[in-house]
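The values are calculated or read from the model by the stated rules, or taken from the named source; none is laboratory data. Quantities reported herein were computed from a predicted structural model and do not represent experimental measurements. FYI the Cβ positions are ideal-geometry reconstructions off the backbone, even for glycines, and counts take in every protein chain you see.
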Amino acid sequence: MDAQEILKADLDDLVFEGKNKSYGAYELRKKYGKHIMLALLISVGFYIVAFVTPYVFALMKPAPKEIAKKEIKYTELSEPPPIDKNTPPPPPPDLPPPPPKTIKFTPPVIKPDELVKEEDVPPPIEEMQEAEISTTVEVDPNASYDFSAETQVVEEKAPEIFMYVEQMPEFPGGQVELLKYLQKNLRYPAAARENGIEGKVVLQFVVDESGKISEIQTVRDIGGGCAEESIRVVRSMPPWKPGKQNGNAVKVYFKLPVTFKLGTE
């Protein structure tokens, strides 16, 4: 290929110079631009159709029918009649009902027939059934009463047991002395040692106003007799410093964890 042909030739001719142009690759490279342009036109046409189609269907859809509004008719009210000043107003509805008719109950007195007065005769049964019995008792202001024989029974309320107070109960000497006491007096149960049982037992008890411990309960047990040993040690404790609420000693629930661990003795 001379210089003139090189200047006029395109890139494909230069690439396939001296090669088999009928193999197929040459034709694909020659028509590559046309294929790209065709693909671009098809894509643009597809997007145009996708955007235009909803508008076309909206134009083809029939217009909605207008719903006729109902006509509202108003009724003109006539003027109220004039108020007659001579007519008394009706009574208010919230007036209380008249008090029921009552019959005073008086103790019976035995008298001769000639001394019986008309007011002493009891009213007829029909009148007594329709009336209500008055429970009003008349007191003689001049009479003297002796109330010394009467006694008033007052039930004493059991003291409240608090869960939390301003000043919680405390072992004598504080937390450090409590741990020392447990380490000194606690014995590892044989059954727990043989079975390799370790863990934490949680007890709950009440510390009363004088610091004494009562109502010991097991909240958490690990078995092997550990809970029983913990209860034994707690029962042997000296009196605690009681808890206080508003400056007064009160009963308080207290939870105590007791740890059992092999190899610490």
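Points worth noting:
- Identity of the residue in region 214-263, among the aliphatic types (A, V, I, L, M) and in contact with a helix residue (DSSP H, G or I) (Cβ under 6 Å, 6 or more places away or on another chain), that ends up farthest from G174 (Cα to Cα): I216
- Considering G243, G225, the condition of being out of contact with any His (no Cβ under 7 Å at 6 or more places or on another chain), on the phi > 0 side of the Ramachandran plot, modelled with pLDDT of 90 or more and of a type outside the set (F, W, Y) is satisfied by G225 alone.
- Count of residues meeting criterion [more than 37 Å from the chain's Cα centre (by Cα) and of a type outside the set (A, V, I, L, M, F, W, C)] in region 236-265: 8
- In summary, helices (runs of 4 or more DSSP H) completely within region 161-265 and bearing 2 or more residues that are of a type outside the set (V, I, T) and exposed (fewer than 11 other Cβ atoms within 10 Å of the Cβ) occur at 175-185, 190-194.
- Here region 156-177 is the region considered, the condition is being in contact (Cβ under 8 Å) with a residue 60 or more places away in the chain and of a type in the set (A, V, I, L, M, F, W, C), and the residue that is nearest to L262 (Cα to Cα) is F171.
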